[in-house]
Amino acid sequence: MIELPQHPPRCINLQSRSMATHDEGFAGAPDYQGGMTECWCVQTARPLGPDNGWVGMKECRDPDRDCYQEY
């Protein structure tokens, strides 16, 4: 059986270059490890979500945000 990587819940619309390049292995990417990953919302294509809140790994784990859709 293939074991899928586990990740903490986050919004499905959160995106970064590391995620796009390395898929679920993004946490091991050098730019992610170095804190140089810029995130954006797929819905807005900006670093602000549809609720005008900032986008990021911490911010987009909040299920109380109106725009949150669990991945």
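Among the residues of region 42-71, write down those that are over 12 Å from the mean Cα position of the chain (by Cα), aliphatic (A, V, I, L, M) and either assigned to a loop (DSSP other than H, G, I, E, B) or loosely packed, with under 12 Cβ neighbours inside 10 Å (or both).
Hit for region 42-71 is A45, nothing else.
Condition test on G35, is it exposed (fewer than 13 other Cβ atoms within 10 Å of the Cβ), over 10 Å from the mean Cα position of the chain (by Cα), assigned to a loop (DSSP other than H, G, I, E, B) and modelled with pLDDT under 85?
In short, yes.
The values are calculated or read from the model by the stated rules, or taken from the named source; none is laboratory data. Remember, it's a predicted structure, so these values are computed and weren't measured experimentally. Cβ coordinates were reconstructed from backbone atoms using ideal geometry, including for glycine residues, and neighbour counts include every protein chain displayed.
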